[in-house]
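Following: one structure in structure tokens, then a few remarks.
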Amino acid sequence: MKTFKTIKSLYLIAAILVISVNVPAQFSANYLALSSSKTTSFTFDIDFNVSISKNVGELNWTAITTMDILRYELEKSTDGEHFSYITAIAANVSSEQYTIRDNNLTEGVNYYRLKIVESSGKYYYSKPVSIDKNINSAKYKIMPNIVSDELLIWLPVNTQVSKATITDLAGRVVLPNGQIYNRTNLTTIQVAGLQTGIYKISLVTNDGATTNLSFSKK
């Protein structure tokens, strides 16, 4: 009988030891899960733009006053998909405008996005912006020449498009007033409704000048 009680006691002690070993690991796993739940992949649309001057990229954005922001992190990419951390700037309640300069522009297109981090640990991403180091800042350029839904037009410094008229090769107006969205050195025009073909676009800028370009719609 003593032997049976002794064996039973040993099993009980072993069970307690197993529970004691497993509890910290389970708690740690729960803690990691809670930590990761603070993140999100939501894309936040803020006034974020980039310009270039003397081979230096200048990133500018307006503060988000409706959120409890802790800091803004700048990320950069050369392909528009894989971004890496560059630097960060703390949110300042007394500042509405923020600027970060990139002195290391790569050849070709440089893509940027902001990681907006809240005090709670949650974070959001801005829509990416881009700049091409190889484009002459005094010229207009369509990117790309063959477009799908959006036509991107690179503009000279301090230039904005006030009117965009698109015609086909026969000279017929197919889009008299294109939907325009001006950014710094870049204008976006919606062309999703156009049929496949080659078109000409006439741009009227804020200084009254007219520029004519052509593009292909796929």
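The values are calculated or read from the model by the stated rules, or taken from the named source; none is laboratory data. Since this is a predicted model, take the numbers as computed values, not measurements. Note: ideal-geometry Cβ built from the backbone for every residue, glycine included; neighbour counts use all protein chains shown.
Of the strands (runs of 3 or more DSSP E) contained entirely in the stretch 178-218, those carrying at least 3 residues that are among the hydrophobic types (A, V, I, L, M, F, W, C), more than 24 Å from GLY57 (Cβ to Cβ) and touching a Phe, Trp or Tyr at 6+ places or on another chain (Cβ under 8 Å) fall at 197-205. Can you say whether LYS115 is over 14 Å from VAL50 (Cα atoms), touching a strand residue (DSSP E or B) at 6+ places or on another chain (Cβ under 6 Å) and either assigned to a loop (DSSP other than H, G, I, E, B) or not acidic (Asp, Glu) (or both), as far as the supplied structure shows? It is true that LYS115 is over 14 Å from VAL50 (Cα atoms), touching a strand residue (DSSP E or B) at 6+ places or on another chain (Cβ under 6 Å) and either assigned to a loop (DSSP other than H, G, I, E, B) or not acidic (Asp, Glu) (or both). The residue list LEU151, LEU169, LEU155, LEU105 contains one member that is more than 16 Å from LEU186 (Cβ to Cβ), touching a strand residue (DSSP E or B) at 6+ places or on another chain (Cβ under 7 Å), at pLDDT below 90 and not charged (D, E, K, R), which is LEU169. Residues that are among the hydroxyl-bearing types (Ser, Thr, Tyr), out of contact with any Lys or Arg (no Cβ under 7 Å at 6 or more places or on another chain) and closer than 16 Å to LYS76 by Cβ within the stretch 112-136 comprise just one, SER130. ILE69 passes every criterion in (1) surrounded by 16 or more Cβ atoms within 10 Å (Cβ to Cβ); (2) under 17 Å from ASP132 (Cα atoms) apart from (2). Scanning the stretch 181-202 for residues that are farther than 22 Å from ILE52 by Cα, of a type in the set (A, V, I, L, M) and surrounded by 15 or more Cβ atoms within 10 Å (Cβ to Cβ) gives VAL191, LEU194, ILE201. Please verify whether ILE146 is under 18 Å from GLY208 (Cβ atoms) and either in contact with a strand residue (DSSP E or B) (Cβ under 9 Å, 6 or more places away or on another chain) or assigned by TED's automatic domain parsing to the domain that holds ILE198 (or both), treating the condition exactly as stated. For ILE146, the condition - under 18 Å from GLY208 (Cβ atoms) and either in contact with a strand residue (DSSP E or B) (Cβ under 9 Å, 6 or more places away or on another chain) or assigned by TED's automatic domain parsing to the domain that holds ILE198 (or both) - is not met. Taking the criterion of being under 17 Å from the mean Cα position of the chain (by Cα), within 30 Å of LEU194 (Cα to Cα) and not in a loop (DSSP other than H, G, I, E, B), would at least one residue in the stretch 145-157 satisfy it? Yes. Hey, among ILE64, ILE52, ILE86, which residue is touching a strand residue (DSSP E or B) at 6+ places or on another chain (Cβ under 9 Å), at pLDDT below 85 and closer than 20 Å to VAL109 by Cα? The unique qualifying residue is ILE52.
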